[in-house]
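The next block holds one structure in the form of structure tokens; read it before the comments.
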Amino acid sequence: MVNKDYILRLAEHFGRALAIIIGLRQRNQFEESLYAIDEMLLRTTGFTSGFINTTSEEMLLNLLAPLGKLNVEKCLWIIVLLNEEGESYLALERPDDGYYRYLKSLNLTLELLLRGYDVRDIDLLAFAETLLNKLADYEIPAHTREKLSQCYEQAGWYARAEDVLFEMIEDETIPDDEAKYIAAYGKTFYQRLLNKSNADLQAGNLSRAEVQEGLAALERIAAARNLDK
């Protein structure tokens, strides 16, 4: 768990930094806002925007944990400032550039959640939902949707996790090898739910009957697509 006072201080820093960026955008100084973001990224993380946006999330996370312990502060700066970059690129009518920033910010946010860095003072899951809304008109990669399903399950949002699972398993554009992995993951997901109490399932907006029906539907889809072989 991250120290509460530390998070509050970090949020205050975000507020000051974001005020500068938002002020530039309000004055239609969109290119200047991108320069400001790049400077803030370099100052707070040691990485430029160009480096961050051409490096995989896995590599970034490794670089942010040189001694095996993730530098959460730097990761949060990257998440927040990538979102701001996306906003600036949208203002410049460059939505594809915005998409890649939002997506990378989302992937890093989900990774922090899966590693247990969900703190009340900075609601990472709510932030992830905001990013998803911004990405609503775009295709979300399967590996991102899998992380999202896991985060929903971790938060006890079982019906939401199931919805994302079926989005993936019904997506016929996903290669067979990946679809087989998703089907196997789905079966373990339902087995975990079947081990929950009825009260827990109801809190997650699912009944035991719905879990059993979902598992049966998953098995039918997997059999029809030969994903269980």
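The values are calculated or read from the model by the stated rules, or taken from the named source; none is laboratory data. Treat the numbers as computed from the prediction; the structure is a model and nothing was measured. For neighbour counting, all protein chains shown are included, and Cβ atoms are generated from backbone atoms with ideal geometry for every residue, glycine included. Accessible surface is based on the protein model in full, side chains and every heavy atom, while ligands, DNA and RNA are left aside. Shrake-Rupley method; radii C 1.70, N 1.55, O 1.52, S 1.80 Å.
Things to note:
- Helices (runs of 4 or more DSSP H) contained entirely in the range 87-162, each with at least 1 residues that are touching an Asp or Glu at 6+ places or on another chain (Cβ under 7 Å) and among the basic types (Lys, Arg): 95-114, 142-154
- Any hit, the range 70-77, residues being in a loop (DSSP other than H, G, I, E, B), more than 16 Å from Thr44 (Cβ to Cβ) and not hydroxyl-bearing (Ser, Thr, Tyr): no
- Check on Ala126, out of contact with any Phe, Trp or Tyr (no Cβ under 8 Å at 6 or more places or on another chain), at pLDDT below 90 and open to solvent by less than 20 Å² (accessible area, probe 1.4 Å): no
- Residue in the range 181-189 that is at pLDDT below 90 and either under 27 Å from Glu87 (Cβ atoms) or of a type in the set (S, T, N, Q) (or both) present: no
- Which numbered condition Arg208 misses (of (1) open to solvent by less than 50 Å² (accessible area, probe 1.4 Å); (2) more than 23 Å from the chain's Cα centre (by Cα)): (1)
- Tabulated pairs, the range 54-82, first within 12 Å of Asn107 (Cβ to Cβ), second among the small types (Gly, Ala, Ser) and buried (at least 19 other Cβ atoms within 10 Å of the Cβ), C-beta under 6 angstrom, 6+ apart or interchain: Ile79/Ser105; Leu82/Ser105
- Just so you know, in the range 177-194 the residues that are touching a Lys or Arg at 6+ places or on another chain (Cβ under 9 Å) and closer than 20 Å to Gly156 by Cβ include one that is least open to solvent (accessible area, probe 1.4 Å), and it is Leu193.
- Per the conditions (1) of a type in the set (Gly, Ala, Ser); (2) open to solvent by less than 20 Å² (accessible area, probe 1.4 Å); (3) within 24 Å of the chain's Cα centre (by Cα); (4) at pLDDT 90 or above, the sole criterion not satisfied by Gly50 is (2).
- Contact map, the range 165-179: first residue free of Cβ contacts under 8 Å to residues at least 12 places away in the same chain, second residue surrounded by fewer than 13 Cβ atoms within 10 Å (Cβ to Cβ), Cβ cut-off under 9 Å, separation 6 or more or different chains; pairs are Thr173/Glu139.
- The residue that is surrounded by the fewest Cβ atoms within 10 Å (Cβ to Cβ), counting only those in the range 195-205 that are more than 13 Å from Glu162 (Cβ to Cβ) and of a type in the set (A, V, I, L, M, F, W, C), is Ala199.
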